[in-house]
Each structure stands twice: as C-alpha cells, then as structure tokens.
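Structure in structure tokens, see below.
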Amino acid sequence: MTTRGEAEEAVKTLLGYIEKDPSREGLKDTPSRVINSWDEIFAGYRQSPGEVLSSTFNGEGYDGIVLLKDIEFHSTCEHHLQPFAGSAHVAYIPTDRIVGISKLARIVDLHSRRLQNQERITMDVADDLEEHLSPLGCAVIIEASHGCMQCRGVRKQNATMTTSSMRGVFFDKSEARSELMRLIRD
Ligand SMILES: [Zn+2]
C-alpha cells in the first residue's frame, strides 16, 4: 500500500502538471493538506457496517415505517475524483429489532466516504440494512448533484440524479411504497 510520504509526493507531481513552480509559498503545504483532507473524506474505508449497525434494541412490537429523511452527504466520484453531494432518505420496517436512528445517517456516511458512484451507495446501504436488521422491508432513495457534471463535461448546474433501492415489502407492495413516498414528501 502507498505510504503517506509517497502520497504527498504524488500530489506534488500533480501540482507540477498544473503549475510551473509547484514549490511556491502558497503550494508548499498543499500536498500534506490534500492528504489530510483525503484521510477525512475517505474515512469510510476504515469503518465497517457491521460495527455501525451492531447495537440494536427490542422494537416492542412496532411494525410501522421508520424513516430518516434528508440525510445530507458528500461523496467522491470514482471516475473523476470530483465531489457529488445531496440527500438520502433511508427507511425500514422492523421485524423485532430496531437500531438507533443516528446509525442510519452513519451508514450513509460510511459508504459516502469512499470512492463511489451514487448507484453503489444506494445499493450498499440497502444491503447493510437487510443483512444486519433483517427488516420486513427497507428502502434507500438518494438525490444528488454531481461536480463532474457541473464544472466539466456537459456543465449542467441544476441537474440532479435520483436513485432508489426497494427491498422486501417496499418492493412487493405498492401500498408500502406509496406510504413511504407520502412520508418523504410531507
Ligand atoms: Zn464523475
């Protein structure tokens, strides 16, 4: 695996591709700052979904939808290393175990803080809920704007992309899906 020193050297090389003098004062500490920011925005590689979703509670018979909506997230597109950001709505219907609500936000962060595409985050969050909570159903809907489309390529500032993954009753039953959509819109 690449060391921190090698990573900083590589950033210096990239700076030399853009600027004649990559060692000028303003850029002197840029390689180390870039790697510090990478440690933060790619922290998801050091976390495991099983740990995030490990502590569950008795649902005491609750059998309705649990929805956390408008979870803002930032991620990085694996094709261009450009940011993409937006909000996620995460829902599940428990069988007997429920999870602390902040864990739904943490699981979105865990997957966002890796090199990603939006489709994979959507599926991976749904997979984790299925695997660790065995819910009656779970759903993940993500809306995001993509930097790689805003500042380069087709340059569309206002286009947003929506992805969804519906599992269990949210896939099988249109009533469950409609109820979820109503809760998200309200
Ligand atoms: Zn991209």
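The values are calculated or read from the model by the stated rules, or taken from the named source; none is laboratory data. Not measured: the values here are computed from a predicted model. Here the Cβ positions follow ideal geometry from the backbone for every residue, glycine too, while neighbour counts run over all protein chains shown.
In segment 119-135, how many residues are within 16 Å of the ligand (Cβ to nearest atom) and not β-branched (Val, Ile, Thr)?
Number of matching residues: 2.
Then there is this: Between 150, 116, which is more than 14 Å from the chain's Cα centre (by Cα), within 16 Å of the ligand (Cβ to nearest atom), buried (at least 16 other Cβ atoms within 10 Å of the Cβ) and assigned by TED's automatic domain parsing to the domain that holds residue 175?
Only one candidate passes the filter, namely 150.
Let me spell it out: the conditions are (1) closer than 27 Å to residue 60 by Cβ; (2) assigned to a helix (DSSP H, G or I); (3) in contact with a helix residue (DSSP H, G or I) (Cβ under 9 Å, 6 or more places away or on another chain), and residue 126 meets all of them except one. Which number is the exception?
Of (1) closer than 27 Å to residue 60 by Cβ; (2) assigned to a helix (DSSP H, G or I); (3) in contact with a helix residue (DSSP H, G or I) (Cβ under 9 Å, 6 or more places away or on another chain), only one is false for residue 126: (3).
Does segment 129-146 hold any residues that are assigned to a helix (DSSP H, G or I) and surrounded by 18 or more Cβ atoms within 10 Å (Cβ to Cβ), and which are they?
Taking segment 129-146 as the starting set, the residues that turn out to be assigned to a helix (DSSP H, G or I) are 129-133.
Across segment 129-146, the qualifying residues are 129, 132, 133.
What number of residues within segment 87-97 satisfy the criterion of being at pLDDT 95 or above and either within 26 Å of residue 59 (Cα to Cα) or surrounded by 21 or more Cβ atoms within 10 Å (Cβ to Cβ) (or both)?
Residues meeting the conditions: 7.
In this structure, is residue 138 modelled with pLDDT under 95 and either under 22 Å from the mean Cα position of the chain (by Cα) or more than 15 Å from the ligand (Cβ to nearest atom) (or both)? Write out each step before concluding.
Values: modelled with pLDDT under 95: no; either under 22 Å from the mean Cα position of the chain (by Cα) or more than 15 Å from the ligand (Cβ to nearest atom) (or both): yes.
For residue 138, the condition - modelled with pLDDT under 95 and either under 22 Å from the mean Cα position of the chain (by Cα) or more than 15 Å from the ligand (Cβ to nearest atom) (or both) - is not met.
Let's see how each residue does on (1) within 16 Å of the ligand (Cβ to nearest atom); (2) not in a strand (DSSP E or B):
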| site | (1), (2) |
| --- | --- |
| 44 | no, yes |
| 50 | no, yes |
| 57 | no, no |
| 60 | no, yes |
| 74 | yes, no |
| 80 | yes, yes |
